[in-house]
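So the structure is just underneath, and the comments pick up after that.
Computed from the coordinates by the stated procedures, all read-outs in this text should not be read as laboratory data. Treat the numbers as computed from the prediction; the structure is a model and nothing was measured. No Cβ is skipped: glycine too gets one built from the backbone with ideal geometry, and neighbour counts run over all protein chains shown.
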Amino acid sequence: MFSAVHGPSARKRGALRLATVTAVSGLVAVGAIAGAGAASADGKPAASSSGAHATLKSADVAVGDTVDITDAKGVVTHPKGGLFELKVDGAGVIQTYCIDLNHGTVANSSYKEVTWAESSLAGKEEAAGKINWILQNSYPAKTPGELGAGLTKETAAAGTQAAIWTLSDNAKAMPENPAAAKLMAKLLKEADPKAYKEPKASLAFDKDAVSGLAGGEVGPLTVHTNASASKVTLGLAPGAPAGVQLTDKDGKVITSASDGTEVYFKVPKGTPDGSVKVTATTQTKVPVGRAFISDGQIKSQTFILAGTSDVPVTAVAMAKWGTAPAVTVKNNCVKGGLDIAVSNKGDKPFDVVVLDKKLGTVPPNSAQTLFMPVAEDATYSFDLAGQHFTGVLDCKTAGSGTPTPAASTPASKPSPASAGGSSTGTTGGTNLAETGSSSSTPMIAGAAVALVLVGGGAVFFLRKKKTAGQ
């Protein structure tokens, strides 16, 4: 999220990493097209969409102040640390802190709400608990006056962000403002990892899809939400086959749900093999402490929610009847890849094949979860059992030191990452650090050509890339 690139050799390493990341992402997309057929534009149902969806308004910190970051070599940089603003689809603004220090911010990139296990907080239970305590007990949950003498909203945000970076990225962070530095020390001393559990989803189904046979009830999907009872509205997507209805576990037709409701699909006997989507909607406050990762094929830094308001949230899932299995895909950030859960209600075994690689076989009338390694920061895109899945694996922070290059918007070039603007840096659509050509250009070209020869399919099965300082 900030640049610590210094000197010619550092520029070469950063440029080579940039070429590698860019080429890997491109190869995965090419491999997906070659190995899995058309994407969701062909009318195939997409994977589920849950919770709050938002857009990063600006690549720069909205409220904050300068924080000094010292890397492993003793090099000090001076990014601006504090709150970013996300514009929730169809609603207002929510505020977030960064938990992904050395990755870049990309203006206008899309974000989705996820669990801690699907983010860079995976495997960091104690740190995540302390961060959540800080969010509940610092700015903006409390005013600068409540937090200490001499604080403004800018310095309170900087002190809070510095404390969070210390925990999320193991960073050596120190606000330049003395009052902010005092706040950071107080937060780190008092943070209790057990005081606040991971917050509930604003709205989600427990699966991307369910499957079954016509003539019975297909399901269940379980609704998870922090909204009050009976506030979740349910509806089938237009074009549902005649007679298909949503029911509860007792077979009663339903149009609304609450937390824990099990939703079934009643499919009349003789209905041709097919599928239908169900949409759940409600208005609620997204809980402070929920993680937000970039959604789609543009990598932007990971955030954690600090300031919230009532916003519309949506969850979408699918029911399938006939021989096609139901597939749910989630990030497994502990292992570094994707968990692919397959429920096969058919009478024949189902081979799970992604990009010409067989992951396993799911027997008839059974379910299995298979793991697929994916390189960190790599784009994945594939079709499986009539569903389309795409995204960027965004699990790890880059650590202190030379930052991992950030993805770029279509209108801008990829570049080393920055922290949302600094006291001396430039600003723009993508946070930028030192850029330009150098003597490393032949190395970049050679690396790109070598990666192209490897082929797109193999990229998914690369082990984790080396992070800075390794």
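Numerical summary
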{"item": "Ordering of 97-104, 51-58, 235-242 by burial proxy (mean other Cβ atoms within 10 Å per residue, highest first)", "result": "97-104, 51-58, 235-242"}
{"item": "Calculated from backbone phi, Karplus (6.51, -1.76, 1.60) coupling profile of the stretch 216-226 in Hz, x at Gly/Pro", "result": "x, 9, 9, x, x, 9, 9, 7, 10, 7, 9"}
{"item": "Modelled FRET efficiency - R0 45 Å, Glu190 with Lys249, Cβ distances, 0.05 increments", "result": "0.50"}
{"item": "Long-range HN-HN contacts of Asp65 with modeled amide H, under 5 Å", "result": "Gly81, Ala158"}
{"item": "³J(HN,Hα), Karplus 6.51/-1.76/1.60, whole Hz, each residue of the stretch 86-99, x for Gly, Pro", "result": "10, 8, 6, 4, x, 8, x, 10, 10, 10, 9, 10, 7, 10"}
{"item": "Diffusion constant of the stretch 203-369 at 10 °C, which comes from Stokes-Einstein with the Kirkwood Cα-pair radius and 1.306 mPa s, µm²/s", "result": "91 µm²/s"}
{"item": "Integer Hz, Karplus 6.51/-1.76/1.60 couplings in order for the stretch 303-312, x for Gly and Pro", "result": "10, 10, 6, 10, x, 10, 7, 5, 9, x"}
{"item": "Dimensions in Å of the stretch 73-151 - Rg and Dmax from alpha carbons", "result": "15.0, 45"}
{"item": "Sequence-distant residues sharing a close amide H with Tyr380 (under 5 Å, placed H)", "result": "Gly391, Val392, Leu393"}
